[in-house]
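Contents: one structure, followed by commentary.
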Amino acid sequence: MVTGRRALGWSAGLMAVYGVVRLLPGSRDVGTGWTAGHLALFAALALLGVGLVELWRLGGRDSAWGRGWLATGCAGVAAGLAQAGIDLYANAVSADRAARSEVFDRVQSVPGVQPLVYDVVPLLLYVGLIALLVRLALHRAAPWWSPVLVLLGTLAMAASLDYLAVGAALYLAAFLPVITGGRGRGRAVPSGA
């Protein structure tokens, strides 16, 4: 079973798999490359959701701020899962890229879908993730550079999806102290802190 801490590592690894698959010839066409990459992305996002809960738990469960950042990150995870699910569905029901684009156009034309699934809410994942890591760093339960590396990884992926594997490597480096219990031995912050 994948624990919360290990979920962070698996999430980064699967994100890297998606990034590498995207770079392979034919992976953006309708077919198995698209499906394999998006299944890796879907699993990475689901595991990152588990990891967010672990980061919140390690930071102390009694904080309203912590619950708020967890909810923010989980909203972003839900939007990302919806987006990956739509991508998988569109690929499964389409014969070619043009047909898949038509499916995307139909889905995205539904009022509210664009901001909820594509433009605004997915960004909340990164806001919540960085905030939870900052919270841990302030309590010395994670090093100060963990949220910095996640920010750099996020910026790399935002610059180009071709840098997904680079961003995933930065995420893994950021998560390692939490996964291994590194600095501060990954201890949970006492309640009320």
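Each Lys and Arg Cβ is given +1 and each Asp and Glu Cβ -1; about its Cα centre, the chain then shows a dipole of about 880 debye. When the solvent-accessible area of the chain is split by element, carbon and sulfur atoms take up 68 percent of it, the probe being 1.4 Å.
Rounded if a/c is under 1.5, else prolate if a/b is larger than b/c, else oblate: which is the chain, with a ≥ b ≥ c the root eigenvalues of its Cα gyration tensor? Prolate.
Among the chymotrypsin sites (Phe, Trp or Tyr not before Pro) within segment 88-163, which fall in a DSSP loop and have no more than 15 other Cβ atoms within 10 Å of their own Cβ?
Numbers: sites: Y89, F104, Y118, Y126, W144, W145, Y163; in loops: W144.
Hits after loop and neighbour filter: W144.
The trypsin sites (Lys or Arg not before Pro) found in segment 97-151 that occupy coil by DSSP, while having at most 12 further C-beta atoms within 10 Å, are R140. Normalised by 2.2 N^0.38 Å, where N is the number of residues, the C-alpha radius of gyration of segment 1-56 stands at 1.23. Quick check: the angle from helix 164-180's long axis to the longest principal axis of the chain, C-alpha only, nearest 10 degrees? Helix 164-180 and the main axis of the chain meet at about 30 degrees.
In terms of the Cα gyration tensor, with a ≥ b ≥ c the square roots of its eigenvalues, is segment 32-116 rounded because a/c is under 1.5, prolate because a/b exceeds b/c, or oblate?
On the way: a/c = 6.32, a/b = 2.05, b/c = 3.09.
Note, shape of segment 32-116 comes out oblate.
Using R0 = 30 Å, the C-beta based FRET efficiency linking Q114 and R57 works out to 0.35.
The Cα center of segment 63-97 and the Cα center of segment 7-39 differ in position by 16 Å.
In square angstrom, what is the accessible area per residue of the chain with a 1.4 angstrom probe?
On the way: 9390 Å² over 193 residues.
For the chain, the solvent-accessible area averages 49 Å² per residue.
The values are calculated or read from the model by the stated rules, or taken from the named source; none is laboratory data. Quick caveat, the model's predicted, so the values are computed rather than measured. Positions of Cβ are backbone-derived with ideal geometry, glycine not excepted, and every protein chain shown enters the neighbour counts. With ligands, DNA and RNA removed, areas are computed over all heavy atoms of the protein, side chains included. Shrake-Rupley method; radii C 1.70, N 1.55, O 1.52, S 1.80 Å.
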